[in-house]
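Enquirer: Can you keep this structure in mind? I'll have questions shortly.
The values are calculated or read from the model by the stated rules, or taken from the named source; none is laboratory data. Predicted, not measured: the structure shown is a model, and the values here were computed from it. Cβ sites come from the backbone with ideal geometry, for glycine too, and all protein chains shown count toward neighbours.
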Amino acid sequence: SQKIEQNSEALNIQEGKTATLTCNYTNYSPAYLQWYRQDPGRGPVFLLLIRENEKEKRKERLKVTFDTTLKQSLFHITASQPADSATYLCALDTYNNAGNMLTFGGGTRLMVKP
Amino acid sequence: ETGVTQSPTHLIKTRGQQVTLRCSSQSGHNTVSWYQQALGQGPQFIFQYYREEENGRGNFPPRFSGLQFPNYSSELNVNALELDDSALYLCASSDQGAEETQYFGPGTRLLVL
């Protein structure tokens, strides 16, 4: 069956370090993968999208890699700040009756300590 | 902040009741998707509406139904509420065919007692 896995344990890092979050999937062949940030009690906010033919994408302090052979995406936040503390969700596109829907992983909670 | 709004923000219902949640999509977006997010989990796709027609459905029973209106706003209806329906209900709008990103509203927190 199809599965998207993110580390369910919280990731605790020190301010200024690089945070690396992992998203693994099985039995999917997504055309693209997205990363979202979610703060408590709020809706997810789009961060980055990477397509299947792209290896790496960057936006400011964020970097995403996408390895379709390993079926894995890594999400990096460099020079992390306490304000980066949130839950980060990866999402794959899946097509259902001609509509595009997102299937989300369970999310990883990031805590950046000052 | 996105232009997607949802109402109400919080709701308490009892088992067996019916509920209607509302969503106004971002200007220019023709597609609305609804997700259910249980505490500590990722959002789960319920269904999607494109130009007033259901355009895909997740693994949810028929007591979950929806509507999309000509102005692209949308409703999610849930009949015969169960305790497990307690969750954050998220609406996301997108411009199908133009971009893949979905823009989420703040959600409606539903508690079923």
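Enquirer: Filter segment A:24-65 down to the residues that are in a loop (DSSP other than H, G, I, E, B) and polar (S, T, N, Q), then identify the one that is modelled with the highest pLDDT. Steps first, answer last, please.
Expert: Just the residues of segment A:24-65 that are in a loop (DSSP other than H, G, I, E, B), to begin with: A:27-31, A:39-44, A:52-55, A:60-61.
Add one more test, that the residue is polar (S, T, N, Q), and what stays is A:27, A:29, A:53.
Numbers: A:Asn27: 83, A:Ser29: 81, A:Asn53: 90.
Ranking the candidates gives A:Asn53 first.
Enquirer: Also: Every residue in segment A:25-45 that is of a type in the set (S, T, N, Q), surrounded by fewer than 16 Cβ atoms within 10 Å (Cβ to Cβ) and on the phi < 0 side of the Ramachandran plot, please.
Expert: Let us first name the residues in segment A:25-45 that are of a type in the set (S, T, N, Q), namely A:26-27, A:29, A:34, A:38.
Within this subset, residues satisfying the condition of being surrounded by fewer than 16 Cβ atoms within 10 Å (Cβ to Cβ) are A:26-27, A:29.
Those that are of a type in the set (S, T, N, Q), surrounded by fewer than 16 Cβ atoms within 10 Å (Cβ to Cβ) and on the phi < 0 side of the Ramachandran plot: A:Thr26, A:Ser29.
Enquirer: Report yes if some residue within segment B:66-81 is in a loop (DSSP other than H, G, I, E, B), of a type in the set (Gly, Ala, Ser) and crowded, with 16+ Cβ neighbours inside 10 Å; otherwise report no. Please lay out each step first, then the result.
Expert: To start, the set of residues in segment B:66-81 that are in a loop (DSSP other than H, G, I, E, B) comprises B:69-73, B:79-81.
Adding the requirement that they be of a type in the set (Gly, Ala, Ser) leaves B:73, B:80.
Retained after the next criterion (residues that are crowded, with 16+ Cβ neighbours inside 10 Å): B:73.
There is at least one residue in segment B:66-81 that is in a loop (DSSP other than H, G, I, E, B), of a type in the set (Gly, Ala, Ser) and crowded, with 16+ Cβ neighbours inside 10 Å.
Enquirer: Now for a different question. Any residue in segment B:44-65 that is in contact with a Cys (Cβ under 9 Å, 6 or more places away or on another chain) and away from chain A (no Cβ under 12 Å)?
Expert: We begin by selecting, within segment B:44-65, every residue in contact with a Cys (Cβ under 9 Å, 6 or more places away or on another chain); these are none.
No - not one qualifying residue is present in segment B:44-65.
Enquirer: Related question: Among the listed residues A:Ser80, A:Ser8, identify the single one that is more than 10 Å from chain B (Cβ to nearest Cβ) and part of a loop (DSSP other than H, G, I, E, B). Steps first, answer last, please.
Expert: On the way: A:Ser8 fails: more than 10 Å from chain B (Cβ to nearest Cβ).
Exactly one of A:Ser80, A:Ser8 is more than 10 Å from chain B (Cβ to nearest Cβ) and part of a loop (DSSP other than H, G, I, E, B), namely A:Ser80.
Enquirer: For segment B:33-43, enumerate the residues that are more than 9 Å from chain A (Cβ to nearest Cβ) and in contact with a Gly (Cβ under 8 Å, 6 or more places away or on another chain). First the steps, then the outcome.
Expert: The first filter runs over segment B:33-43 and keeps only residues more than 9 Å from chain A (Cβ to nearest Cβ), leaving B:34, B:36, B:38-39.
Answer for segment B:33-43, where residues must be more than 9 Å from chain A (Cβ to nearest Cβ) and in contact with a Gly (Cβ under 8 Å, 6 or more places away or on another chain): just B:Trp34.
Enquirer: If you don't mind, another one. Only one of these is modelled with pLDDT of 90 or more, over 27 Å from B:Tyr35 (Cα atoms) and not acidic (Asp, Glu): A:Leu21, A:Leu70. Name it.
Expert: Values: A:Leu21 fails: over 27 Å from B:Tyr35 (Cα atoms).
One residue alone meets the criteria, A:Leu70.
Enquirer: Taking segment B:82-113, which residues are among the charged types (D, E, K, R), over 16 Å from the mean Cα position of the chain (by Cα) and crowded, with 16+ Cβ neighbours inside 10 Å?
Expert: B:Asp95, B:Glu100
Enquirer: Scanning for something within 11 Å of chain A (Cβ to nearest Cβ) and under 26 Å from A:Thr108 (Cα atoms), does segment B:12-31 turn up at least one residue?
Expert: The answer is no, given that none of the residues of segment B:12-31 is within 11 Å of chain A (Cβ to nearest Cβ) and under 26 Å from A:Thr108 (Cα atoms).
Enquirer: Taking segment A:32-59, which residues are under 14 Å from A:Ser73 (Cβ atoms), touching a strand residue (DSSP E or B) at 6+ places or on another chain (Cβ under 6 Å) and not acidic (Asp, Glu)?
Expert: A:Tyr32, A:Leu33, A:Gln34, A:Trp35, A:Tyr36, A:Leu47, A:Leu48, A:Leu49, A:Ile50, A:Arg51, A:Lys57
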